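Enquirer: Below is one structure. I have some questions about it.
The values are calculated or read from the model by the stated rules, or taken from the named source; none is laboratory data. The model shown is predicted, which means the values in this text are computed figures rather than measured ones. Note that each Cβ is placed from the backbone with ideal geometry, even for glycine, and that neighbours are counted across all protein chains shown.
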Amino acid sequence: MKKILLFILVSAINTFLYAQQKMLSMEDAMLNARTTLAPENLAQLQFINGSDDYVYLKKIAGNDTWYSGNATMSVDTPFLSLEQLNKYLRRAGMDTVKTMPAIQFTLTGWTMTVNGSKILLDAITHQSKTIIDKTITPKTNVEESNSGFIAYLDNFNLYVSDGKESKQVTTDGSRDIVYASSVHREEFGITKGTFWSHTGNQLAFYRMDQSMVTDYPIINWTERPAKVELIKYPMAGDKSHHVTVGVYNAQTKSLVYLQTGEPAEQYLTNIAWSPDDKSIFIAVLNRGQNHMWLNQYDAVTGNFIKTLFEETDEKYVEPLVPVLFVKNNSSQFIWQSNRDGWNHLYLYDINGKLLKQITKGDWEVLEVKGFDSKGENLFYISTALSPIDKNLFSVNLKTGLITSITPTPGVHITQVSADGLNVLDSYSTPVNPRTIQLIDTRKLPTSTPKILLQSANPLKDYAMGELAIFTIKNKTGDSIYCRQFKPVNFDPAIKYPVIVYWYGGPHAQLILDSWNGGAGDYWFRYMAERGYVVFTVDTRGSDNRGKAFEQTIFRRLGDAEMEDMMSAVSYLSAQSFIDKDRMGLFGWSFGGFMTTDFMLNHPGVFKAAVAGGPVMNWQYYEIMYGERYMDTPQENPEGYEATNLIKQAGKLKGKLLLIHGLQDPVVVQENSVNFVRAAIDKGVQVDYMIYPGHEHNVLGKDRAHLYQKVTDYLMEYLK
């Protein structure tokens, strides 16, 4: 009797203490995580271009006000209020604005969009100049040049305006002939289709002929009756589109196409202009994606000039970043490559001679941030501290001396001033929501950064479980990163159910040394509040661990990842607080494929699983991504057969919920629908949920609905 009373007393105390902290709602976890519960930030923080002064937007008495500061100012001061901006706009004869617009600041002018027009407001005289008129801003793919020309698409065709009149550059644009848009399904780092020269008088642009690519139906269910909207979706092993590059001279109104040659099914990636605007450099990649040529073309005639160098790989080459010419030295450029097993920087001369490898080591260069004023030092973000940290360094091109700019562990998002003397650094760690600081690079390593913001913990009033990031060894001896959220009020004597979330594919890294462990929302914490251990693993195939770590998945997607997952399962099963009979699995996209693959080939490990937007047959996926990692179905029939989950549907033993956006143009719904059909044919039960109006990811307010669906499903079968 005494034991019962003691248990009741302890339970009551724990309940009272627990009640002192709030519980996350699903809206908190999925929507407010990016708004009211996000770490405090400085909006639109930026250097005033051409100076070492910085500005940011903050609210004063509920009103947006720009503040400015620099390394010598101890206190930042108000720079521009909405009232002042409207005064300047009235003085310039323009309409006023009700809310503060986004502004890009330079020493000479402020660029913003006011009432539909993009304008430049002189910083001294406050006179205005229209950069892009409101009749053009609604057009597609609008981009202005340094000399004032504006490129845009209208009714599928490319136009260039000088601000007074527009010139139609192309005439055969259509759904099949696509101009001035991203190509190759936005692989190879391609995000746009227009590339102005440095002077701004010449425009390079993509032309994509996709008439030979099979139409694919996406259903618009909002029409009555429903309407078929056809897209072009080149599936692995089928015909691919043909891409060329045009060059339009806005001054002479002449147009040429670069002689990129045959075969037509090749990839034209990473377009860059030479400093003198006379040449264009393109990384040309064969369809097999194992041979790349860095080619130079004459921008006036379109003629091929030369191949500077080639890169080959027995598996695949993936150029992602254009050549970067050294500041103040047009005879040298930087090239990024993982040819030695890790992505690093290489210095070449204009003739394609390798001068030196600038960076080296078992770590990745992630992003180049630019040069200092003399072009002697290059700033870059890398994983030199650890695979889950992102820090800023500089390297001297002559001596190779590397300087650590942000030595503090964590994930650093940085801006480097034009002269390289100052750095704006916003970073976080799992215990630090956000610090924003200004670093004077001249005083390193002894300089004390100027703190602009120290964010408070936005979750301080909520019940939180313990977050831990650690590594385990897989069967091949690799260190595999794991992230674990323990339940609130964790008791090691209790056995807890587990939810494992994963992805496992290229160009994704789920676990970072940053706030929330790299998770973009608080759903993992939400589930930990409700008594679950929530576990994430970055298996082989994941990003930022070197070429060998990623390429182990080549031609047999899923095998290495599932082997690493079994290592994670072994770790979990060995923990005294884990209930290995109540484990659930969840993944989206590539992770949806991996989740389904694991449930079919390792039955009984996970009791229930959710697979969102899953690839079920790699023959249904696009050429560019699919063939890079799998080759074509004709070249690799065994690999495609082994990863055809539709044919394996009859092996399903546990509970599986499939989720698909009804308008998904990335992983087309044919994948999950055919899996369901196969499950029916085999007499296997599978659950299915659709999200009408959503593409590959369920975004906006419906995201909370999606995660409530996932939560309810896993809770039902893991209770």
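Enquirer: Assuming Val668 fulfils every condition listed in (1) in contact (Cβ under 8 Å) with a residue 24 or more places away in the chain; (2) in a helix (DSSP H, G or I) apart from one, which condition is it?
Expert: Status for Val668: all satisfied but (2).
Enquirer: Looking at Met630, Met624, Met689, which is the one that is touching a His at 6+ places or on another chain (Cβ under 9 Å), within 18 Å of Gly591 (Cβ to Cβ) and among the hydrophobic types (A, V, I, L, M, F, W, C)?
Expert: Unique residue meeting the criteria: Met689.
Enquirer: Could you list all residues from segment 355-377 that are hydrophobic (A, V, I, L, M, F, W, C) and in contact (Cβ under 8 Å) with a residue 24 or more places away in the chain?
Expert: Ile358, Trp363, Val365, Leu366, Val368, Phe371 - these are the residues of segment 355-377 that are hydrophobic (A, V, I, L, M, F, W, C) and in contact (Cβ under 8 Å) with a residue 24 or more places away in the chain.
Enquirer: If you check Gln251, Gln266, which single one turns out to be modelled with pLDDT of 95 or more, closer than 27 Å to Lys327 by Cβ and not charged (D, E, K, R)?
Expert: Gln251
Let's see how each residue does on (1) among the hydrophobic types (A, V, I, L, M, F, W, C); (2) without any contact (Cβ under 8 Å) to a residue 12 or more places away in the chain:
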residue: Ala299; (1), (2): yes, no
residue: Phe309; (1), (2): yes, no
residue: Pro322; (1), (2): no, no
residue: Val326; (1), (2): yes, no
residue: Trp335; (1), (2): yes, no
residue: Trp342; (1), (2): yes, no
residue: Ile350; (1), (2): yes, no
residue: Lys353; (1), (2): no, yes
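Enquirer: Taking interchain pairs and intrachain pairs at least six residues apart, which have beta carbon atoms under 7 angstrom, with the first residue in segment 598-627 and closer than 14 Å to Lys647 by Cα and the second of a type in the set (Ser, Thr, Tyr) and part of a helix (DSSP H, G or I)?
Expert: Once the first residue is closer than 14 Å to Lys647 by Cα and sits in segment 598-627, its partners that are of a type in the set (Ser, Thr, Tyr) and part of a helix (DSSP H, G or I) give Met616/Thr596; Met616/Ser672; Trp618/Tyr640; Gln619/Tyr640.
Enquirer: On to the next question. Identify all residues within segment 617-665 that are buried (at least 18 other Cβ atoms within 10 Å of the Cβ), outside any helix (DSSP H, G or I) and among the aliphatic types (A, V, I, L, M); write none if there are none.
Expert: Of everything in segment 617-665, those that are buried (at least 18 other Cβ atoms within 10 Å of the Cβ), outside any helix (DSSP H, G or I) and among the aliphatic types (A, V, I, L, M) turn out to be Leu645, Leu652, Leu656, Leu657, Leu658, Ile659.
Enquirer: Next question. Can you pull out the strands (runs of 3 or more DSSP E) entirely within segment 179-252 that have at least 1 residues that are of a type in the set (A, V, I, L, M) and farther than 24 Å from Tyr629 by Cβ?
Expert: Fully inside segment 179-252 and qualifying: 202-209, 215-220, 227-232, 242-249.
Enquirer: Also, I was wondering about something else. Modelled with pLDDT of 95 or more and within 30 Å of Asn338 (Cβ to Cβ): is that true of Tyr571 in this structure?
Expert: Yes, satisfied.
Enquirer: OK, next. Could you list, ordered by first residue, the pairs with Cβ atoms under 9 Å in which the first is in segment 82-98 and part of a loop (DSSP other than H, G, I, E, B) and the second is of a type in the set (Asp, Glu), at least 6 apart or interchain?
Expert: Listed pairs, sorted by first residue: Ala92/Asp122.
Enquirer: With respect to Gly592, determine if the residue is over 19 Å from Ala679 (Cα atoms), assigned to a helix (DSSP H, G or I), out of contact with any Ser or Thr (no Cβ under 7 Å at 6 or more places or on another chain) and in the same structural domain as Lys655 (by TED's automatic domain parsing).
Expert: Spelling it out, it is not the case that Gly592 is over 19 Å from Ala679 (Cα atoms), assigned to a helix (DSSP H, G or I), out of contact with any Ser or Thr (no Cβ under 7 Å at 6 or more places or on another chain) and in the same structural domain as Lys655 (by TED's automatic domain parsing).
Enquirer: Within the set of pairs 6 or more residues apart or between chains, which connect a residue that is farther than 22 Å from Phe205 by Cα inside segment 127-146 to a residue that is of a type in the set (Val, Ile, Thr) with Cβ atoms less than 6 Å apart?
Expert: Ser128/Ile119; Thr130/Ile119
Enquirer: Out of segment 388-417, which residues are within 14 Å of Thr429 (Cα to Cα) and either under 21 Å from the mean Cα position of the chain (by Cα) or in the same structural domain as Ala519 (by TED's automatic domain parsing) (or both)?
Expert: Hits for segment 388-417 are Ile388, Asp389, Lys390, Asn391, Gly410, Val411, His412, Ile413.
Enquirer: Has segment 508-519 got any residue that is more than 23 Å from Leu320 (Cα to Cα), of a type in the set (A, V, I, L, M), buried (at least 20 other Cβ atoms within 10 Å of the Cβ) and touching a residue at least 12 places away in the same chain (Cβ under 8 Å)?
Expert: Checked against the condition, which is being more than 23 Å from Leu320 (Cα to Cα), of a type in the set (A, V, I, L, M), buried (at least 20 other Cβ atoms within 10 Å of the Cβ) and touching a residue at least 12 places away in the same chain (Cβ under 8 Å), segment 508-519 yields at least one hit.
Enquirer: Quick check: is even one residue across segment 142-157 of a type in the set (Val, Ile, Thr) and either under 33 Å from the mean Cα position of the chain (by Cα) or in a loop (DSSP other than H, G, I, E, B) (or both)?
Expert: Checking segment 142-157: at least one residue is of a type in the set (Val, Ile, Thr) and either under 33 Å from the mean Cα position of the chain (by Cα) or in a loop (DSSP other than H, G, I, E, B) (or both).
Enquirer: Restrict the check to segment 107-114 and report whether at least one residue is assigned to a strand (DSSP E or B), among the aliphatic types (A, V, I, L, M) and either touching a residue at least 60 places away in the same chain (Cβ under 8 Å) or assigned by TED's automatic domain parsing to the domain that holds Gly193 (or both).
Expert: no
Enquirer: Is it the case, given these coordinates, that Asn422 is free of Cβ contacts under 8 Å to residues at least 40 places away in the same chain, crowded, with 22+ Cβ neighbours inside 10 Å and either in contact with a Leu (Cβ under 7 Å, 6 or more places away or on another chain) or small (Gly, Ala, Ser) (or both)? Let's see the steps before the verdict.
Expert: On the way: free of Cβ contacts under 8 Å to residues at least 40 places away in the same chain: no; crowded, with 22+ Cβ neighbours inside 10 Å: yes; either in contact with a Leu (Cβ under 7 Å, 6 or more places away or on another chain) or small (Gly, Ala, Ser) (or both): yes.
So Asn422 fails the test.
Enquirer: Can you pull out every residue in segment 502-513 that is more than 12 Å from Thr539 (Cβ to Cβ) and touching a helix residue (DSSP H, G or I) at 6+ places or on another chain (Cβ under 7 Å)?
Expert: Pass one, segment 502-513, residues more than 12 Å from Thr539 (Cβ to Cβ): 507, 512-513.
Correct list: Leu512 only.
Enquirer: Does Ala679 satisfy the condition of being small (Gly, Ala, Ser), without any contact (Cβ under 8 Å) to a residue 60 or more places away in the chain and in the same structural domain as Leu585 (by TED's automatic domain parsing)?
Expert: Criteria met by Ala679.
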